[in-house]
1. Which one of 148, 110 is modelled with pLDDT of 95 or more, among the polar types (S, T, N, Q) and surrounded by 15 or more Cβ atoms within 10 Å (Cβ to Cβ)?
2. For residues that are under 24 Å from the mean Cα position of the chain (by Cα) and surrounded by fewer than 16 Cβ atoms within 10 Å (Cβ to Cβ), scanning just the stretch 69-81, find the one that is nearest to residue 34 (Cα to Cα).
3. Scan 259, 263, 281 and give me the residue that is within 16 Å of residue 329 (Cβ to Cβ) and touching a helix residue (DSSP H, G or I) at 6+ places or on another chain (Cβ under 6 Å).
4. State whether the residues of the stretch 205-228 include one that is closer than 24 Å to residue 97 by Cβ, in contact with a Pro (Cβ under 9 Å, 6 or more places away or on another chain) and hydrophobic (A, V, I, L, M, F, W, C).
5. For the stretch 152-197, how many residues are touching a residue at least 40 places away in the same chain (Cβ under 8 Å), open to solvent by 20 Å² or more (accessible area, probe 1.4 Å) and part of a strand (DSSP E or B)?
6. Please work out if residue 257 is free of Cβ contacts under 8 Å to residues at least 12 places away in the same chain, surrounded by 14 or more Cβ atoms within 10 Å (Cβ to Cβ) and of a type in the set (Val, Ile, Thr).
7. For the stretch 275-303, which positions are free of Cβ contacts under 8 Å to residues at least 40 places away in the same chain and either over 20 Å from residue 128 (Cα atoms) or surrounded by fewer than 24 Cβ atoms within 10 Å (Cβ to Cβ) (or both)?
8. Which one of these is over 24 Å from the mean Cα position of the chain (by Cα) and among the acidic types (Asp, Glu): 247, 204, 243?
Amino acid sequence: MNKDLIELDGAIGGGQILRSALSLSMITGKPFRIHNIRAKRSRPGLLRQHLTAVAAAAQISSARVEGAQLGSQSLSFAPGAIQGGDYDFAIGTAGSCSLVMQTLLPALLQADQPSRVSISGGTHNPLAPPFEFLERAWLPLLRRMGAQVEIELLRHGFAPAGGGAIALQVAPSVLSPLHLKAPGAVHHQLATAMVADVPGHVAERELAHVGKRMKWPEQALKGIWLDKQICPGNVLLLEIACEQVTEVFSSVGQSSVRAEQVADRAVDQARHWLHSGAAVAEHLADQLLLPLAMAGGGSFSTTHMSEHLSSNIEVIRQFLNVEIVCTQANERALRVELRRR
């Protein structure tokens with residue numbers, strides 16, 4: 001047995017553990033083996049989007065992989081050198097393009113040359129960051145850290161059909177620490193309801209409910225009716241741009257869920273964050289952690305210790321010699337600080 005092999009227990013969380021491990025393995029060159037992949041999920045083991053992330057990571061790092069089969073709960077991954085270039089990855093289902101992209105980006109920032117990547121699948125999924133979150137919330141912070149990254153939405157893709165695509169351009173970059181104490185004053189706010197081959201009143205009702213609960217004016221409420229050739233779907237996005245950070249909250253419509261309930265899910269997230277005074281909300285917190293660890297330092301405040309944040313901390317500690325300290329900033333916010341040991 002390789003004494004440098006990192007052993008991970010996937011039962012401490014979901015697919016985020018595998019994706020973070022793939023990213024960290026590629027950037028450190030350390031092999032890993034993971035057991036109990038998504039053990040506590042209703043459908044345990046590897047799904048299509050996880051297999052695409054594994055295959056994509058293996059391709060850009062010439063990795064040796066064992067256990068990459070649908071439903072597998074164990075996987076071994078031993079990376080080689082990271083190679084930039086042109087890549088095209090197809091999930092084959094409505095699995096999240098965003099999550100595959102986030103797996104690859106940290107490694108591509110350390111590649112030997114620029115990269116162009118296209119990923120097809122789902123772009124607006126119930127349990128993954130939508131394209132607009134990446135574009136307007138996550139990537140602007142990475143660019144402030146020094147990342148040279150551009151992203152483009154080629155086609156919308158909703159579950160269960162998929163059919164969407166995103167494109168990514170990355171240049172080798174060195175990341176610098178970032179410190180986010182508070183979001184700052186609100187500069188801009190916008191609610192966008194997108195529908196494709198769904199009755200128009202759905203978007204209108206979602207926006208009316210957002211306007212009522214958030215007390216936003218009519219000019220901050222925008223409906224977008226997509227081409228009916230796109231698979232049927234609906235997503236509501238709440239964008240809140242502040243001095244230091246922009247947050248995007250989303251809720252994906254489903255046939256069994258009323259438009260007002262779809263709106264409530266996004267509004268509840270937004271109000272919880274605004275009420276806390278924290279710099280970033282739940283999802284941006286766990287997705288900032290790995291870039292900050294790569295930079296060797298940084299800090300932010302967030303609303304609470306989520307499962308993803310906790311499991312990401314555990315995985316990062318296995319791969320990198322970085323100290324991650326979490327303290328209660330106040331009764332509504334948690335402070336997370338990273339520094340080199």
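The values are calculated or read from the model by the stated rules, or taken from the named source; none is laboratory data. No experiment lies behind these values; they were computed from the predicted model shown. Here Cβ is always computed from backbone atoms with ideal geometry, including for glycine, and neighbour counts include all displayed protein chains. What goes into the accessible areas is simple: the full protein's heavy atoms, side chains included, and nothing from ligands, DNA or RNA. Shrake-Rupley method; radii C 1.70, N 1.55, O 1.52, S 1.80 Å.
1. Numbers: 148 fails: surrounded by 15 or more Cβ atoms within 10 Å (Cβ to Cβ).
Going through 148, 110 in turn, the sole match is 110.
2. 74
3. The match here is 281.
4. Checked against the condition, which is being closer than 24 Å to residue 97 by Cβ, in contact with a Pro (Cβ under 9 Å, 6 or more places away or on another chain) and hydrophobic (A, V, I, L, M, F, W, C), the stretch 205-228 yields no hits at all.
5. The total comes to 10.
6. Working: free of Cβ contacts under 8 Å to residues at least 12 places away in the same chain: yes; surrounded by 14 or more Cβ atoms within 10 Å (Cβ to Cβ): yes; of a type in the set (Val, Ile, Thr): yes.
When the stated conditions are applied, residue 257 passes them.
7. Pass one, the stretch 275-303, residues free of Cβ contacts under 8 Å to residues at least 40 places away in the same chain: 281-282, 302-303.
Hits for the stretch 275-303 are 282, 303.
8. Only one candidate passes the filter, namely 204.
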